[in-house]
1. Kindly indicate whether any position in segment 120-131 is under 19 Å from Ser18 (Cβ atoms), in a helix (DSSP H, G or I) and touching an Asp or Glu at 6+ places or on another chain (Cβ under 8 Å).
2. Could you figure out which of (1) under 29 Å from Ser18 (Cα atoms); (2) assigned to a helix (DSSP H, G or I) isn't true of Ile141?
3. Any residue at all in segment 92-109 that's surrounded by 10 or more Cβ atoms within 10 Å (Cβ to Cβ), among the small types (Gly, Ala, Ser) and closer than 25 Å to Lys13 by Cα?
4. Can you name every residue in segment 157-175 that is assigned to a helix (DSSP H, G or I) and more than 13 Å from Ala134 (Cβ to Cβ)?
5. If Phe135 passes every condition in (1) surrounded by fewer than 12 Cβ atoms within 10 Å (Cβ to Cβ); (2) within 25 Å of Thr41 (Cα to Cα); (3) of a type outside the set (D, E, K, R) but one, which one does it miss?
6. Looking at segment 29-37, is at least one residue free of Cβ contacts under 8 Å to residues at least 60 places away in the same chain and within 11 Å of the chain's Cα centre (by Cα)?
7. Which condition breaks for Ala80 when tested against (1) under 30 Å from Val170 (Cα atoms); (2) surrounded by 12 or more Cβ atoms within 10 Å (Cβ to Cβ)?
Amino acid sequence: MNLLFQLFFDFFKIGLFSIGGGYAIIPAIRDQVVILRQWITYQEFTDIITISQMTPGPLAVNTSTFVGMRVGGLAGALLATVGCIFMGVVITVGLYKLFSKYSYSAYFKEMLKGLKSASLGLIASAAAIILALAFFGSENIKLSALNMSSVIICMTALILVRKTKLNPIVIMILCGMMNLISLI
């Protein structure tokens, strides 16, 4: 199958079956591009997720664009991005129509509660993947592979976000500088 078509189709599936968006989509993208297709390594995936968080736009769109660019150049970036967002747009329009019609239904409200819980589980799974990759360099958690500078930087960022009103971009720059200093 043509690589560009494969990029479009794989990200189309990711967009179609990824309920929860954002962080919830990370395991689906990882499974497809790192484990199944082996288009990129775990380290490249972690780097792409990091860059996607620092650039404007939704995480899933940015990630699909970066992966598409890495694998198929500009055409790959365009096709992966369109594939990722196409069904989201179609589904969103359909859900808007449903929500407009049934928003007062008790059954509809209960269904939304279930979807919120599922989204939380997907986000927690993505957080576990990102933590393992950041702290241990892979999803295989071995205490001997623990990167203490990453733990310290993560805790510093967490404290700064929770206790100060610093802009997240400033916090990311500070943490990046902390890691550079740790290498010296």
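The values are calculated or read from the model by the stated rules, or taken from the named source; none is laboratory data. Keep in mind the model is a prediction, meaning the values are calculated, not measured. Cβ: placed from backbone, ideal geometry, glycine included. Neighbour counts: every protein chain shown.
1. Looking through segment 120-131, at least one residue is under 19 Å from Ser18 (Cβ atoms), in a helix (DSSP H, G or I) and touching an Asp or Glu at 6+ places or on another chain (Cβ under 8 Å).
2. Checking Ile141 against (1) under 29 Å from Ser18 (Cα atoms); (2) assigned to a helix (DSSP H, G or I), the one that fails is (2).
3. Yes, there is a match, as at least one residue in segment 92-109 is surrounded by 10 or more Cβ atoms within 10 Å (Cβ to Cβ), among the small types (Gly, Ala, Ser) and closer than 25 Å to Lys13 by Cα.
4. Of everything in segment 157-175, those that are assigned to a helix (DSSP H, G or I) and more than 13 Å from Ala134 (Cβ to Cβ) turn out to be Ile159, Leu160, Val161, Arg162, Lys163, Pro168, Ile169, Val170, Ile171, Met172, Ile173, Leu174.
5. Looking at each condition in turn, Phe135 falls short on (1).
6. The answer is yes; a qualifying residue exists.
7. Checking Ala80 against (1) under 30 Å from Val170 (Cα atoms); (2) surrounded by 12 or more Cβ atoms within 10 Å (Cβ to Cβ), the one that fails is (1).
Residues checked against (1) assigned by TED's automatic domain parsing to the domain that holds Leu120; (2) part of a helix (DSSP H, G or I); (3) out of contact with any Phe, Trp or Tyr (no Cβ under 9 Å at 6 or more places or on another chain); (4) closer than 19 Å to Ser138 by Cα:
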{"position": "Leu16", "(1), (2), (3), (4)": "yes, yes, no, no"}
{"position": "Ile25", "(1), (2), (3), (4)": "yes, yes, yes, yes"}
{"position": "Ala28", "(1), (2), (3), (4)": "yes, yes, no, yes"}
{"position": "Asp31", "(1), (2), (3), (4)": "yes, yes, yes, yes"}
{"position": "Val34", "(1), (2), (3), (4)": "yes, yes, no, yes"}
{"position": "Gln38", "(1), (2), (3), (4)": "yes, no, yes, yes"}
{"position": "Ile51", "(1), (2), (3), (4)": "yes, yes, no, yes"}
{"position": "Val61", "(1), (2), (3), (4)": "yes, yes, yes, no"}
{"position": "Ser64", "(1), (2), (3), (4)": "yes, yes, no, no"}
